[in-house]
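The values are calculated or read from the model by the stated rules, or taken from the named source; none is laboratory data. These numbers were taken from a predicted model, which means no experiment stands behind them. Cβ coordinates were reconstructed from backbone atoms using ideal geometry, including for glycine residues, and neighbour counts include every protein chain displayed.
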Amino acid sequence: MANLKIVLNKKKKLKNNRFPIALRVTHERKQVYFSFGTDFNCSDEYWNDKKDLYFDESGIKEYNKQKKDNDKPTLKVFQNAKVLNSVLTIKLNEAREILLKYELEKIPFSFDTFKNDYLKVKSKATIFNVFDEVINELKNTNKIGYSNIFKSAKSSISDCFKKNDIKFRDVNYKFLNDYKLFLQAKGLKKNAIFVYFRTFRTLFNQAIKRKYADEADYPFLSRTNPNGFSLAKMEEATRKRSITKEQLILIRDYPTDENTFRFHAKNYFMFSFYLIGMNFKDIALLKNTNLVNGRIEYVRAKTNRHFSIKISNNAQEIIDYYKNINLTNDYIFPILSEKHNTPNMQYNRIKDVLAKMNQELNEIAKEVGIDFKITSYVARHSWATIQKINNTPISDIMDGMGHSTESQTHTYLNSIEYSGVDKYNENIL
């Protein structure tokens, strides 16, 4: 969070040879000064740099006590110092309250947002300004994939309305309906349209939190806007793809040459299955430090939720193989290396390897007679389906996948107990 300090701004000298008094806000090594107006200025002899206030009588006495006789500067009590100091203290406390609100409401700090709140300025932000702000924040927190979703949503809105100065108050039911019709005319599927709208709704909520938009202008369905634009019927239930235990065994036993990428693609897929459908990005990021007492301890990149999974014999065989060929790399699998040292480089590398992996999986599927598209995500759904067929308690399946309801399994549990999952996962194949 930002740091606040009242200072004598010596970067600017006034015509009367005094310096303006300002609130200095520091965030990530950047400093911005907010002036208190022309009434707040003074020169060095009137400024108590120990208290960051004007010198009053008590301030001078305290200051002189800390200085040797031959080292005492000429100090003067500023006229109305007590009154002016009270005003400065109030203004500093107002700024502190704004930062506390950001912390409590988990609002990311930005100088523009702070300026609007502190100076009580009505925001002139456009939806594209806020898109850019959110995109940059996501990039800076290594959420490259999520930032790309916001980029795509921003681009599609710009493409639809051919404007770059759309204010939040301009977004109403008609605006959103026109946007939906535009996306439909472009041939986008229901779920793709839903993602764009969900992203835009998230942006609008962020804009309200950051004071770029008024709650009264919120165009989406809500308790305060029962006639708002609804996303309820936009999303189409995705057909979940899973394969049978017998088909998984066909993939597992499919012969591959160690010198081909197909060999690795099969290993990554099976490892994902053995690890309860672990996401490919999480597999790529695994390091030897994630191996703890016969378990894999990791934080899922997508949800930031901790998982602890017992390593089955099948999974251990795959780990041992890569340990022997990957001696100089901290990563368990040869997907990333130390040269992929930025979030963008990691994102692009994982994306490229995943695309190649899915291509190889489909070739294997054709070879063994599986007649639908196989992707890395099939491992996750197959694990759940096979466990259900094996009469594994639904509560343990939900725990293993990090889900909280039978029907949709998308709301993550606050805490996860893995002991039940271990027992049923040990001999799944």
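How many of the residues making up the range 140-181 are touching a strand residue (DSSP E or B) at 6+ places or on another chain (Cβ under 6 Å) and within 20 Å of residue 226 (Cα to Cα)?
Qualifying residue count for the region: 2.
Residue by residue through the range 133-154, note down the ones that are charged (D, E, K, R) and either at pLDDT below 90 or closer than 20 Å to residue 342 by Cβ (or both).
Answer for the range 133-154, where residues must be charged (D, E, K, R) and either at pLDDT below 90 or closer than 20 Å to residue 342 by Cβ (or both): 137, 139, 143, 151.
Quick check: anything in the range 282-292 closer than 24 Å to residue 242 by Cα and without any contact (Cβ under 8 Å) to a residue 40 or more places away in the chain?
Within the range 282-292 (the criterion being closer than 24 Å to residue 242 by Cα and without any contact (Cβ under 8 Å) to a residue 40 or more places away in the chain), the answer is yes, since at least one residue qualifies.
For the range 232-241, indicate whether the set of residues that are farther than 30 Å from residue 358 by Cα and not hydroxyl-bearing (Ser, Thr, Tyr) is non-empty.
yes
If we scan the range 170-192, do we find a residue that is outside the structural domain of residue 29 (by TED's automatic domain parsing) and under 28 Å from residue 34 (Cα atoms)?
Within the range 170-192 (the criterion being outside the structural domain of residue 29 (by TED's automatic domain parsing) and under 28 Å from residue 34 (Cα atoms)), the answer is no, since none of the residues qualifies.
What number of residues in the range 234-246 are surrounded by fewer than 10 Cβ atoms within 10 Å (Cβ to Cβ) and either among the aromatic types (Phe, Trp, Tyr) or at pLDDT 85 or above (or both)?
1
Please work out which one of (1) closer than 22 Å to residue 375 by Cα; (2) loosely packed, with under 14 Cβ neighbours inside 10 Å; (3) in contact with a helix residue (DSSP H, G or I) (Cβ under 9 Å, 6 or more places away or on another chain); (4) modelled with pLDDT under 95 is the condition residue 249 fails and give its number.
Condition (3) is where residue 249 drops out.
Could you grab me the full set of residues in the range 47-89 that are at pLDDT below 75 and within 12 Å of residue 6 (Cβ to Cβ)?
Selection gives nothing.
Restricting attention to the range 286-294, does a residue exist that is surrounded by fewer than 16 Cβ atoms within 10 Å (Cβ to Cβ), part of a helix (DSSP H, G or I) and not polar (S, T, N, Q)?
no
Suppose we filter 339, 310 for residues that are surrounded by fewer than 13 Cβ atoms within 10 Å (Cβ to Cβ), at pLDDT 90 or above and over 14 Å from residue 282 (Cα atoms); which single one remains?
339
Can you pull out every residue in the range 203-218 that is touching a helix residue (DSSP H, G or I) at 6+ places or on another chain (Cβ under 6 Å), within 21 Å of residue 177 (Cβ to Cβ) and part of a loop (DSSP other than H, G, I, E, B)?
The one that is touching a helix residue (DSSP H, G or I) at 6+ places or on another chain (Cβ under 6 Å), within 21 Å of residue 177 (Cβ to Cβ) and part of a loop (DSSP other than H, G, I, E, B): 213.
Can you go through 92, 100 and tell me which one is under 24 Å from the mean Cα position of the chain (by Cα), surrounded by fewer than 18 Cβ atoms within 10 Å (Cβ to Cβ), at pLDDT 70 or above and not in a loop (DSSP other than H, G, I, E, B)?
100
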